Amino acid sequence: MRRQRERWDKMQYGTGATSDRWALALGIGQGGWSIVKTAPLELLAEPGPSGEHRLGIIIARALRCDALHVSLYDGTAMLIAQATPKGEVALSGYTMDGPTFQGVEIDEERIQPSSGGIMLLAPVLLFAEVPQ
């Protein structure tokens, strides 16, 4: 039986848990930043099976660097996830579902997207996802 293609691909718009394929693209940014593009789009920012954000655990802690993820949703919503080398993760902004990201509630005082949740020491990795 031939697989029926969905109207949208889970690899792009799904989550790490719902997609049977993942992809990463690495790029060099300005000012010492490295850029990672993922599919699913929020793969590295979403919480993993343990509930801890992959951004903090896999990227920032493992590579001993600061990390930043930015999601823009159709120009009406924006989420920023930041992580420190210690694995601390701070969320700010809101998604199309309101002040929640992948089942994690965002504090009301952090509803305005901001990179001020954690003091980033040096720009190293940036994950910017713009769903089409």
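The values are calculated or read from the model by the stated rules, or taken from the named source; none is laboratory data. In this text, all values refer to a predicted model and were calculated from it rather than measured experimentally. Neighbour counts are summed over all protein chains in view; Cβ atoms, including those assigned to glycine, are modelled from backbone coordinates with ideal geometry. Protein only, heavy atoms only, side chains kept; ligands, DNA and RNA dropped before computing areas. Shrake-Rupley method; radii C 1.70, N 1.55, O 1.52, S 1.80 Å.
Listing for the model above:
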| item | result |
| --- | --- |
| One residue from Leu79, Leu126, Leu91 being of a type outside the set (Lys, Arg) and at pLDDT below 60 | Leu126 |
| Strands (runs of 3 or more DSSP E) enclosed by the stretch 1-73 - at least 1 residues per element that are of a type in the set (Ser, Thr, Tyr) and open to solvent by less than 70 Å² (accessible area, probe 1.4 Å) | 34-39, 67-73 |
| Number of positions in the stretch 76-88 that are among the β-branched types (Val, Ile, Thr) and either open to solvent by 50 Å² or more (accessible area, probe 1.4 Å) or not in a strand (DSSP E or B) (or both) | 2 |
| Test for Leu91: is it within 18 Å of Ser115 (Cα to Cα), in contact with a Gly (Cβ under 8 Å, 6 or more places away or on another chain) and either assigned to a strand (DSSP E or B) or open to solvent by 80 Å² or more (accessible area, probe 1.4 Å) (or both) | yes |
